[in-house]
Amino acid sequence: MNSKEVHMRKIVVIGAGIAGTAVADELIKLGEKDVTVLDKGPLFKTGGATSHAPGLVTRTSASEMMQRCADYTITKLLGMDVDGLPCFLATGAIEVAVTPERLSYLKRRREFAQSWGFDGRIIDPDEAAHLNPLLDPTAFIGAYHTTGEGIGKALRGAEAQGRRAISGGAQFFGNCEVTRIVHDGTSVTGVETTQGFIAADLIVLAAGGWGNALAKTAGVTLPMVAMEHQYAITAPIARISSEKGTDASLPFVRYWEGGVYMRNEDDCVGIGSFNHKALPVSDEEIVHGNSRRYANDPSMFEFTQEDWDPAWEEVIALMPDLRDAPLPIKYNGVFPYTPDGYPLLGQTKELTGLWILECLWATHSVGAARSLAQVITGSAPDIDITQGDLNRFDEPELAPNDYSIRCDNSYVDTYAIHHPNEPSGGPRNRRLTPFHAKQETLGGQFFDSATWERVRWFESNAELVSKIPAVDRDEWSAKFWSPISGAEHLATRETVGMFDMSTLRRILVTGRDASAFLNFMCARNVDGNVGSVIYTLMLNEHGRIVSDVTVSRIADSHYLVGGNSQRDVQWLQSHSDAYDVHIEDITTNTGCLAIWGPQARTVLETLTDADMSNESFKYFTNREIVLAGVPVTAVRVSYVGELGWELIADKADCAKLWDEVYRSVSDNSGVAAGRGALTSMRIEKGYRSYGTDMTRADTPEEAGLGFAVRRSQSGHLGLTSQAPEPRRMLRSLTIEGSTVPTFGQPVFAHGKCVGSVTSAEYGWSQGTIIAYAWLATSVEIGSEVSVHIAGEQSSARVVADCQFDHEGLRVRS
Ligand SMILES: Cc1cc2nc3c(=O)[nH]c(=O)nc-3n(C[C@H](O)[C@H](O)[C@H](O)COP(=O)(O)OP(=O)(O)OC[C@H]3O[C@@H](n4cnc5c(N)ncnc54)[C@H](O)[C@@H]3O)c2cc1C
């Protein structure tokens with residue numbers, strides 16, 4: 001389709017809440033001509049969550065995507081009104097901390113905001129109480145205050161955007177319920193509604209809590225659950241009588257530890273609570289209602305007093321003036337949650353033309369809608385929305401039993417402190433690698449990631465800790481961490497370590513066009529000799545990194561692609577139509593055991609007759625061999641900077657493989673090692689981790705991976721002959737002191753925030769903390785910078801990549 005045809009297509013948006021109206025407005029702005037918005041309720045007070053959202057809009061976020069979406073929401077709403085009434089009230093916000101732990105976390109929150117281009121201040125209780133006189137300054141120890149946050153008038157914002165879309169040519173129909181999404185098996189064709197069939201080439205589902213029920217009419221399940229959320233408004237409070245008529249004027253208050261938030265609604269106080277158990281609403285209840293419906297509103301349920309009482313105790317502890325206040329308005333509102341708290345954005349893999357814009361807070365809705373509209377119209381989104389990618393969940397995560405429990409947890413944890421290394425609240429043990437049982441016997445400490453259980457360290461190695469140097473570590477980064485990882489790191493560098501790499505994706509690509517297909521999908525030719533291995537990248541149409549992969553040529557038309565996640569499989573599949581290829585995800589049918597370290601060759605030579613010598617089995621080659629009677633594909637690559645191989649075997653053979661390798665590793669004074677050691681070793685070596693260090697926002701050169709692409713070659717998806725001008729660079733830092741930053745901590749130079757950390761660890765072989773950070777292009781290697789961590793500053797230096805074994809002698813030995 002050329003761009004003219006694109007803009008002639010018929011687009012139907014389901015839902016005229018703030019998300020649906022925003023996407024319609026943005027699509028029109030981007031040149032779409034035929035946009036129809038349908039809502040089952042009357043316009044614009046439709047009865048969705050937008051109709052009664054109190055509208056606290058917080059920019060500050062640990063997620064760059066969420067913060068940037070909120071930035072755009074605020075900027076846009078600030079410039080809009082409905083008949084002179086504003087869509088955004090810049091009241092400012094105060095987040096209070098009762099405990100030192102929370103205050104420290106608020107400092108981190110401020111730093112995240114700085115990383116993504118916004119700032120606030122840590123203030124003392126008296127200043128906070130001065131800004132909002134309802135606060136009792138003796139009830140908390142400090143606060144985070146911002147002026148650039150406030151109250152989004154969500155309903156008014158929906159109407160303003162709806163009106164603008166209409167003036168740009170969009171059509172809006174209220175009281176028009178979509179009863180079914182219609183398709184021809186591969187693409188959407190329209191919607192059945194209470195007013196008849198409406199044809200569509202493209203549908204954007206923005207139906208809030210009703211989203212899953214509607215998606216299911218097209219055979220698509222979305223990992224989301226609508227939740228009841230309590231909100232109440234007091235009678236007038238004498239202390240703020242002067243605020244009458246202001247709507248919202250005082251900085252709103254978030255009291256994380258109490259699980260509650262408060263804003264003034266004129267001279268009354270509106271209070272929302274997350275301090276209650278999860279109250280999920282079934283699709284049946286949200287679509288058809290139940291006996292608890294409140295005020296005949298489809299997204300409000302009767303208030304459950306027993307859930308409210310603990311929250312109320314917290315409210316009056318912080319705001320004693322509210323103690324005897326009646327609550328004339330109180331209800332349980334409804335809006336949807338996802339398992340990880342991020343929205344669902346993107347096109348479904350099941351149906352072409354079915355786009356999802358779901359599970360958005362009013363806060364992020366407008367920014368997310370704009371980004372989705374940009375993707376729909378074929379441009380690169382200004383905001384990287386990878387974190388909200390609809391297809392980020394793997395198959396097991398989509399099982400209703402799993403995602404509904406995770407959505408419950410996600411609701412209850414809305415106000416919890418989130419540590420980046422924390423395991424999920426469950427369900428656990430959903431996906432075990434074929435080595436799991438063996439690792440359990442060694443005291444493997446398991447943490448889950450995308451439902452896989454992965455070992456971070458082995459308690460069986462605890463005695464090695466006394467043999468390594470003691471290293472100070474700050475309290476935060478010492479959580480979910482053990483010095484045993486350090487022992488495993490050093491043992492691997494000194495002798496040998498075995499690592500379970502099974503959770504990474506293994507994809508077989510076979511068929512007549514396998515070479516042509518993979519050459520197109522990858523950013524350099526991968527059709528070297530049989531037995532070759534190539535490290536390269538897959539890029540999207542905009543030249544940004546979709547994944548980093550190793551491609552092993554096993555036979556002429558037979559490749560093994562080592563990728564990152566199931567999205568790689570989808571990416572390959574979605575581009576394969578024109579090729580005679582077969583793509584098979586063999587991840588769950590196989591296991592992958594990596595043997596790395598100076599003794600790796602010795603370990604394997606005792607188990608195989610194959611020639612493992614450097615001359616015969618070179619770095620970046622692969623071969624089928626038999627190890628202790630087990631057929632394996634041995635791929636000579638390393639993610640830790642040591643000599644070694646990844647061994648891929650049938651699942652059924654993995655227990656035997658583990659036993660034999662472990663025996664030989666132990667005979668050579670080696671260890672079984674976990675992800676903790678893997679992380680510190682790969683960071684020390686300069687190796688990136690996709691999803692953490694780089695995403696679909698980044699180009700190869702920006703991420704320091706220009707060596708993995710060949711701009712001189714043509715015919716590679718997304719690869720142009722000239723690298724785009726870099727907007728920022730992923731750099732290495734060495735950091736002084738004992739505080740290890742975690743993702744998102746800001747980096748400062750000359751008093752100005754110049755970037756943020758992606759990953760960091762203590763480099764046990766280097767004896768210093770090493771980090772990667774996205775930095776402004778002006779910050780050069782050798783610059784002195786500082787990393788701000790929970791209010792403290794650590795001196796750091798920008799250094800060249802690859803700190804350990806710069807020449808790469810060890811991997812080639
Ligand atoms: C009590 C409460 C407090 C909140 N506080 C905040 C806050 O402080 N800050 C914040 O950012 N967010 C807050 N939220 C969340 C926020 O209100 C919502 O996340 C946001 O409004 C969602 O907008 P939406 O457009 O996605 O969904 P909705 O506003 O729910 O819109 C979905 C629309 O789809 C329509 N629809 C559904 N089914 C069909 C169908 N079959 N056919 C046609 N139309 C259909 C509905 O009628 C509805 O209009 C709160 C929510 C509640 C309930």
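The values are calculated or read from the model by the stated rules, or taken from the named source; none is laboratory data. Keep in mind that this is a model prediction, so the values were computed, not measured. Here Cβ is always computed from backbone atoms with ideal geometry, including for glycine, and neighbour counts include all displayed protein chains. These area figures cover heavy atoms from the full protein model, side chains too; ligands, DNA and RNA do not enter into them. Shrake-Rupley method; radii C 1.70, N 1.55, O 1.52, S 1.80 Å.
So how many residues does region 107-160 have that are part of a strand (DSSP E or B) and either surrounded by 18 or more Cβ atoms within 10 Å (Cβ to Cβ) or of a type in the set (Phe, Trp, Tyr) (or both)?
Within region 107-160, the first condition is being part of a strand (DSSP E or B), and the residues that meet it are 121-123, 142-146, 150-152.
In the following step, the residues that additionally are either surrounded by 18 or more Cβ atoms within 10 Å (Cβ to Cβ) or of a type in the set (Phe, Trp, Tyr) (or both) were identified as 142-146, 150-152.
Counting residues in region 107-160 that are part of a strand (DSSP E or B) and either surrounded by 18 or more Cβ atoms within 10 Å (Cβ to Cβ) or of a type in the set (Phe, Trp, Tyr) (or both) gives 8.
Inspect region 455-469 for any residue being in contact with a strand residue (DSSP E or B) (Cβ under 6 Å, 6 or more places away or on another chain) and within 17 Å of Ser669 (Cβ to Cβ) and give the result as yes or no. There is at least one residue in region 455-469 that is in contact with a strand residue (DSSP E or B) (Cβ under 6 Å, 6 or more places away or on another chain) and within 17 Å of Ser669 (Cβ to Cβ). Restricted to region 229-245, and to residues there that are of a type outside the set (A, V, I, L, M, F, W, C) and in contact with a helix residue (DSSP H, G or I) (Cβ under 7 Å, 6 or more places away or on another chain), the residue that is most open to solvent (accessible area, probe 1.4 Å) is Arg239.
Residue pairs whose Cβ atoms lie under 9 Å apart, separated by 6 or more positions or on different chains, with the first residue in region 428-447 and more than 20 Å from Leu504 (Cβ to Cβ) and the second open to solvent by 80 Å² or more (accessible area, probe 1.4 Å), are Leu442/Glu459; Gly443/Glu459. When region 27-51 is limited to residues that are more than 7 Å from the ligand (Cβ to nearest atom) and in contact with a Ser or Thr (Cβ under 6 Å, 6 or more places away or on another chain), the one that is most open to solvent (accessible area, probe 1.4 Å) turns out to be Lys45.
Scanning region 766-791 for residues that are open to solvent by 40 Å² or more (accessible area, probe 1.4 Å) and out of contact with any Asp or Glu (no Cβ under 6 Å at 6 or more places or on another chain) yields a total of 7.
Within region 201-244, the residues that satisfy the criterion of being assigned to a helix (DSSP H, G or I) and either among the basic types (Lys, Arg) or outside the structural domain of His276 (by TED's automatic domain parsing) (or both) are Gly208, Gly209, Trp210, Gly211, Asn212, Ala213, Leu214, Ala215, Lys216, Arg239. The residues on offer are Gly353, Gly367, Gly346, and the sole one that is at pLDDT 95 or above, touching a strand residue (DSSP E or B) at 6+ places or on another chain (Cβ under 7 Å), under 17 Å from Arg696 (Cβ atoms) and open to solvent by less than 30 Å² (accessible area, probe 1.4 Å) is Gly346. Per the conditions (1) more than 27 Å from the chain's Cα centre (by Cα); (2) not in a helix (DSSP H, G or I), the sole criterion not satisfied by Arg601 is (2). Yes or no: Val57 within 12 Å of the ligand (Cβ to nearest atom), under 24 Å from Ile356 (Cα atoms), aliphatic (A, V, I, L, M) and open to solvent by less than 10 Å² (accessible area, probe 1.4 Å)? Yes, satisfied. For Glu475, indicate whether it is without any contact (Cβ under 8 Å) to a residue 60 or more places away in the chain and either crowded, with 19+ Cβ neighbours inside 10 Å or outside any loop (DSSP other than H, G, I, E, B) (or both). No, not satisfied. Here Ala226 qualifies as open to solvent by less than 10 Å² (accessible area, probe 1.4 Å), in contact with a Pro (Cβ under 6 Å, 6 or more places away or on another chain), aliphatic (A, V, I, L, M) and modelled with pLDDT of 95 or more. Close Cβ contacts (under 9 Å, 6 or more residues apart or on different chains) running from residues in region 74-92 that are not assigned by TED's automatic domain parsing to the domain that holds Thr21 and aromatic (Phe, Trp, Tyr) to residues that are open to solvent by less than 70 Å² (accessible area, probe 1.4 Å) and in a strand (DSSP E or B) comprise Phe88/Val57; Phe88/Gly150; Phe88/Ile151; Phe88/Gly152.
The strands (runs of 3 or more DSSP E) found wholly in region 312-390 and carrying at least 1 residues that are more than 14 Å from the ligand (Cβ to nearest atom) and not assigned by TED's automatic domain parsing to the domain that holds Phe274 occupy 344-347, 354-358. Residues that are assigned to a loop (DSSP other than H, G, I, E, B) and either surrounded by fewer than 19 Cβ atoms within 10 Å (Cβ to Cβ) or of a type outside the set (Ser, Thr, Tyr) (or both) within region 626-668 comprise Ala628, Gly629, Arg636, Val637, Val640, Gly641, Glu642, Leu643, Asn668, listed in sequence order. Is it true that Ile484 is within 22 Å of Thr221 (Cβ to Cβ), at pLDDT 95 or above and among the aliphatic types (A, V, I, L, M)? Here the answer is no, as Ile484 does not meet what is asked. Being over 24 Å from Cys654 (Cβ atoms) and open to solvent by less than 10 Å² (accessible area, probe 1.4 Å) holds for only one residue in Leu572, Leu464, Leu490, and it is Leu572.
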